[in-house]
1. Pull up the range 80-135, narrow it to residues that are of a type in the set (D, E) and under 22 Å from A298 (Cβ atoms), then point me to the one that is surrounded by the fewest Cβ atoms within 10 Å (Cβ to Cβ).
2. Could you name every one of the strands (runs of 3 or more DSSP E) located completely within the range 191-264 that has at least 2 residues being among the aromatic types (F, W, Y), more than 26 Å from the chain's Cα centre (by Cα) and under 22 Å from L350 (Cβ atoms)?
3. Which is under 29 Å from the mean Cα position of the chain (by Cα) and over 26 Å from Q294 (Cα atoms), of V35, V103?
4. Consider M107 against the criteria (1) under 16 Å from R43 (Cβ atoms); (2) outside the structural domain of G316 (by TED's automatic domain parsing): it satisfies all of them except one. Which criterion is unmet?
5. Out of R152, R206, R183, which single residue is among the basic types (K, R), touching a Gly at 6+ places or on another chain (Cβ under 8 Å) and modelled with pLDDT of 90 or more?
6. Being closer than 30 Å to H162 by Cβ and assigned by TED's automatic domain parsing to the domain that holds A298 narrows it down to one of M36, M118, M45, so name that one.
7. For the range 220-258, how many residues meet the condition of being hydroxyl-bearing (S, T, Y) and closer than 13 Å to N190 by Cα?
8. Could you figure out which of (1) out of contact with any His (no Cβ under 9 Å at 6 or more places or on another chain); (2) modelled with pLDDT under 95 isn't true of F321?
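The values are calculated or read from the model by the stated rules, or taken from the named source; none is laboratory data. Predicted, not measured: the structure shown is a model, and the values here were computed from it. Don't worry about glycine lacking a Cβ; one is built from the backbone with ideal geometry, like all the others, and counts go over all protein chains shown.
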Amino acid sequence: MIHGKYRKDHLPARIAQELAHVIAFGPVIFQVTRVMLSRGIFRLMRDRSDGITPAEAAEKSGLSEYAAKILLESSLTLGTVLYNEGRYSLSKVGWSILADPMVKVNMDFNHDINYKGMYHLEEALCSGRPEGLAELGPWKTIYEGLPYLTERQKESWFGFDHFYSDSAFDQALPIVFAGRPSRIMDIGGNTGRWAMKCVSYDPDVRVTVADLPGQVAMMGEQTAGCPGAERIDAFGTDILSGTDTLPSGYDVVWMSQFLDCFSDTQVVDILERAAAALVPGGRIFIMETVWDRQKYSAASFDLAQTSVYFTVMANGNSRMFNAEDLDRHICAAGLETVAVTDGLGYAHSLYECRPAVPDR
C-alpha cells in the first residue's frame, strides 16, 4: 500500500525548494502554529468570515499587537492564513489544523513530550539510547517514567497513545471474540482500556493485564469500581528482565501498540513467550500501526515520524514497523499469520497469529 509518491521524485523543482526552506525553519513554524492554536487566533478567524486585523488578534490572544503581527506574518508565509486588504483569514491548511483531531493530538504530543528532547536525536542515533529522555526525567525508558510525568505531559502522552488505539478497539472486538475466548492476556495493557472493552463485550471473559508494576498499579486505579473490573487481573512484570515468567493457559494473547516499543531481538523473544502462554489452538493478536499498509500518505508520514520519538525519547531502539519487518519477526518466533485486517480505526492493522505447524 505504499503510495507511488514514495517511489519517485514527484515535486516540481520550485515546490521542492520551498519545502526545503519550510523544513529548515520547522521548529519555528511548529511553535508559531501551536501558539496560534493555543491563543485562539485560528478559532477567531474561523468565526469571522471577513477575517481579523492584528489588533483583533492581539485582543483575543492577550498578546501585544506586535506579537500578534509576528504570528500572523509567519503564518501567512507558511500558508496557514491568507491576507486581503489588512485582514487575515484561515487558509485550507489552517482549517485542517483547527479541525483535524489527529493534528491536535500530534501537536500536543510533540510539544509536551518530544520538542526539547529532539535536540538530542543525533546522540540517540549514535548511542542506541533515548538521549532526549533526560529532558523529562532520569529514567532508562519513558515507560518507567509515565507515572511521574506532569499532569500535562501525561495528558499529552496518553492522549496520543489512546487516540490511535481507542479508535480501533471496537472494530477489533468481534474479530478477537470470534473464537469465544474465555481467558485473555493483554501484554502491555497500560491503563486497562482494552481490558475494560473486553469485559464489557463478553460477560464471561476474564482478562489478565501484564505490564510494569507501576503501570498495573495505575491500571488498577483507572478501572476500580467499573462494571466488570472484578474480572480483570493484574500481573506486574518487566517483560525485558529475562527472569520473569508470564502466566499461561490463555486462549488469546493480545498486544496493542506494544511490540513497536522494543528492538528486533526483543520483539522475537516476546512473541516466543507469548506463544508459550497459549493453550492448544490459542491465538495471538497483534495490533500495530504498520506505516506501509496505510491508505493515506498523511498516516504513513505521521507513523514514520513517530519512529523518531522511539529513538530519542522512548527507548532508543524501536520503531513503527513496516510490513516486511513485522512479518519476519512473526516467522522468526515460530508463528504463522492466519489473517491481517487493515483499516481499523485511524491507522491500525490487526494480525491474527498462531504457532506454526511443522512441515510433515
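1. The residue in question is D100.
2. none
3. V35
4. Unmet condition: (2).
5. Testing whether each residue is among the basic types (K, R), touching a Gly at 6+ places or on another chain (Cβ under 8 Å) and modelled with pLDDT of 90 or more leaves just R183.
6. M118
7. Let us first name the residues in the range 220-258 that are hydroxyl-bearing (S, T, Y), namely 223, 237, 241, 243, 245, 248, 250, 256.
Narrowing the set further to residues that are closer than 13 Å to N190 by Cα leaves 223, 237, 256.
Number satisfying all stated conditions: 3.
8. (1)
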